[in-house]
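Working notes for the structure below.
The values are calculated or read from the model by the stated rules, or taken from the named source; none is laboratory data. Remember, it's a predicted structure, so these values are computed and weren't measured experimentally. In this analysis, Cβ positions are derived from the backbone assuming ideal geometry, glycine residues included, and neighbour counts consider all displayed protein chains.
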Amino acid sequence: MKRLILALDVYERERALEIAECTADYLWAVKVNWPLIIGSGLGIVTELKQVTGLPVIADLKLADIPNTNGLIARRVFGAGADYVIAHGFTGRDSVKAVMELGETIIVVEMSHPGAREFIQPATDKLIELTNELEPFGVIAPATRPERVSYIRSRLKDGIKILTPGVGAQGGKAGEVLKAGADYIIVGRSIYESENPRESARRLHEEILGV
Ligand code: C5P
């Protein structure tokens, strides 16, 4: 089973397409974030889908009023994104505005050190919100497997956990999958490596061995 998501945080269209194409065999999905959309335009979503045949996750971490979240999400889903990531802390109305338009993934905790300041204290409430709204999944930190276990224990069955933070941020794929993650998200360890295909293959093998 494929459980690896490529975080394609490069600016250049050609480089993005090249890396996505050569790693696609080992991926479940490709995640695009602001750097690639700013660098290459929203059309990159459509192109990535054509080149890889994989689902595309738009990691825009939407955090606005419902109307603005909806205006953004409409265009992004329209470009072919299969999933859009939204923050939950803006409240249920803002999240619902995205969910009405397509499959949504809610951030319940982040992977960087600063996440301890404001997001982690709100995680319980964000999990409650998620259980009520039942989106496709949540984002949880691969850098803290104990938090992934905690989130898994409180989250309704069927809601997927996607975890960024493996590799460059210090998280280990095996640990976080054992803690309850469904998918791991990896960026720099793949796209900055000398051989992105080989790096993706190794991660895929590691996942299969869990
Ligand atoms: O390069 P690296 O593997 O650290 O990339 C991680 C990706 O996941 C980046 O696109 C980053 O914005 C995203 N992300 C994260 N932590 C979160 C949510 C998203 O690292 N909580």
**Study point:** Extreme residue, farthest from the chain's Cα centre (by Cα), among residues of region 17-29 that are over 14 Å from residue 204 (Cα atoms) and within 15 Å of the ligand (Cβ to nearest atom)
**Key:** 19
Point to revise | Residue that is surrounded by the most Cβ atoms within 10 Å (Cβ to Cβ), among those in region 158-171 that are within 12 Å of the ligand (Cβ to nearest atom) and part of a loop (DSSP other than H, G, I, E, B) | key: 165
Review point. Scanning region 49-108 for residues that are within 17 Å of the chain's Cα centre (by Cα) and of a type in the set (D, E, K, R), which turns out nearest to residue 132 (Cα to Cα)?
Key: 103
Practice item. Return a yes/no flag: does region 172-179 have any residue that is at pLDDT 95 or above, within 23 Å of residue 19 (Cβ to Cβ), surrounded by fewer than 17 Cβ atoms within 10 Å (Cβ to Cβ) and in contact with a helix residue (DSSP H, G or I) (Cβ under 7 Å, 6 or more places away or on another chain). Key: no
Practice item. For region 63-80, indicate whether the set of residues that are buried (at least 19 other Cβ atoms within 10 Å of the Cβ) and within 15 Å of the ligand (Cβ to nearest atom) is non-empty. Key: no
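This table checks each residue for (1) under 12 Å from residue 88 (Cα atoms); (2) part of a helix (DSSP H, G or I).
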| residue | (1), (2) |
| --- | --- |
| 111 | no, no |
| 129 | yes, yes |
| 138 | yes, no |
| 152 | no, yes |
| 156 | no, no |
| 175 | no, yes |
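Please work out which residue is surrounded by the fewest Cβ atoms within 10 Å (Cβ to Cβ), limiting yourself to region 180-191 and to residues that are touching a residue at least 24 places away in the same chain (Cβ under 8 Å) and within 12 Å of the ligand (Cβ to nearest atom).
188
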